[in-house]
Amino acid sequence: MAIDLITTRMEKELSITRGNHVKVQHIQTLVAIADAGSLRGAAEALRKSQPALTKSLRQAEDDLGVPIFQRSSRGVIPTELGERVLVRARAIASEIDRLDDEVAQLRGEQVGSIEVCVSPLAAVKIMPQALARFHAKFPKIEIHLTSGLFPNALKPLRDGRTDIVIGPTPPAGMAREISVEPLLKTPIVLITSKSSPYKTAKTLADLSDAHWIMIGAPLGPGDIFRKPFIDRGLAPPKATTTSESYFGAMSLVQEMGAVCTFPLRLLEDVRQGWDIEQIQIEDTLDPLEISLMSRSGHPLTPMAEELANAVRRRVATLNHEYNQ
């Protein structure tokens with residue numbers, strides 16, 4: 001019954017024109033070719049002959065009525081329509097893999113893997129203890145951790161490549177198709193190097209002409225430094241340097257005397273060994289909320305739900321400590 005539901009959904013989602021559908025059995029072929037970048041590599045990965053793989057690809061393209069790949073000097077690359085098909089194909093392939101895991105887990109087997117994307121604060125403060133608790137109970141389940149912040153962390157979640165994201169809560173406009181469960185809040189502070197003239201700043205106005213470092217992509221959590229300036233009628237400074245890493249940002253702050261927003265709960269754990277100073281300004285900044293995110297309408301597998309519960313228990317301990 002579950003397979004039938006997935007098949008029906010996939011055929012609807014992969015429809016390009018009325019009456020043209022790719023069949024479930026072709027999904028593995030399409031994803032393997034895209035991953036390998038060549039028919040030969042995909043055939044080896046699937047342990048099939050290249051002629052059989054080519055036939056399967058031709059059938060998929062005939063069923064859809066559009067070319068999915070085009071040959072190039074570097075192998076095969078998706079067409080423009082093929083890129084859109086592959087987004088859906090990967091999501092459906094992930095759902096089928098999760099179905100296999102879920103059925104086995106419901107039988108009591110410890111099989112499968114969980115893909116988790118975490119922010120630096122979650123990686124330092126939440127996941128070590130949560131994973132220790134989880135692995136003590138389920139030692140055979142594989143956990144794959146990656147790092148990321150919104151907006152970049154949300155696309156793999158929507159596409160089904162990630163099961164859980166634990167990190168800053170995205171704005172409502174970015175949370176389409178995503179279930180967001182708030183976990184904890186951390187104060188946001190400003191940091192600079194101990195040799196920076198800005199370390200004695202008392203207000204945001206004193207930092208208007210500072211060199212600012214932004215963590216992550218524009219519209220991400222590191223972009224929050226602009227709002228406090230705007231709220232106070234000040235022209236927001238422009239970050240001329242960005243870093244995808246909190247620790248990379250700390251290096252830049254230390255060497256350049258730049259200014260950067262930083263979660264206080266993370267700073268408490270990582271500031272040792274850095275020539276970093278917290279700027280004690282009078283203005284208050286909005287706290288950063290950390291949430292657990294998953295895809296709306298796609299229940300977690302039993303093991304992924306167990307991991308989420310381990311995260312919740314760890315967060316409950318942290319919140320108790322912070323509120324004392």
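Condition first: under 32 Å from the mean Cα position of the chain (by Cα) and over 24 Å from Arg161 (Cα atoms). Now tell me which residues in the range 32-52 satisfy that.
First pass over the range 32-52, keeping only residues under 32 Å from the mean Cα position of the chain (by Cα): 32-47.
Scanning the range 32-52 gives a single hit, Arg40.
I want to confirm something. Restricting to the range 215-237 and keeping residues that are in contact with a Pro (Cβ under 8 Å, 6 or more places away or on another chain) and buried (at least 20 other Cβ atoms within 10 Å of the Cβ), which single residue is nearest to Tyr322 (Cα to Cα)?
Pro221
For Arg71, indicate whether it is open to solvent by 60 Å² or more (accessible area, probe 1.4 Å), over 23 Å from Gly160 (Cβ atoms), charged (D, E, K, R) and not in a helix (DSSP H, G or I). Please lay out each step first, then the result.
Working: open to solvent by 60 Å² or more (accessible area, probe 1.4 Å): yes; over 23 Å from Gly160 (Cβ atoms): yes; charged (D, E, K, R): yes; not in a helix (DSSP H, G or I): yes.
So Arg71 fits the description; yes.
Considering only the range 242-268, how many residues are buried (at least 21 other Cβ atoms within 10 Å of the Cβ), among the small types (Gly, Ala, Ser) and more than 22 Å from the chain's Cα centre (by Cα)?
Residues that pass the stated criteria total 1.
Any residue in the range 184-198 that is under 10 Å from Pro263 (Cβ atoms) sitting within a Cβ distance under 9 Å of a residue that is of a type in the set (Phe, Trp, Tyr) and buried (at least 21 other Cβ atoms within 10 Å of the Cβ)? List the pairs, counting only those 6 or more apart or interchain.
Ile188/Phe225; Ile188/Phe262; Val189/Phe262
Just one of the numbered conditions (1) crowded, with 17+ Cβ neighbours inside 10 Å; (2) modelled with pLDDT under 90 is not true of Trp212; which one?
(2)
Considering only residues that are in contact (Cβ under 8 Å) with a residue 40 or more places away in the chain and in a loop (DSSP other than H, G, I, E, B), look in the range 111-124 and name the one that is most open to solvent (accessible area, probe 1.4 Å). Step through it out loud before you land on a result.
Quick first cut of the range 111-124, residues in contact (Cβ under 8 Å) with a residue 40 or more places away in the chain only: 112, 114-122, 124.
Pick out the ones that are also in a loop (DSSP other than H, G, I, E, B) and you get 112, 119.
Details: Gly112: 24, Ser119: 3 Å².
That would be Gly112.
The values are calculated or read from the model by the stated rules, or taken from the named source; none is laboratory data. Being a predicted model, the structure only gives us computed values, none of them experimental. Backbone-built Cβ (ideal geometry, glycine too); neighbour counts: all protein chains shown. Remember, those area values only see protein heavy atoms, side chains included, never the ligands or the DNA or RNA. Shrake-Rupley method; radii C 1.70, N 1.55, O 1.52, S 1.80 Å.
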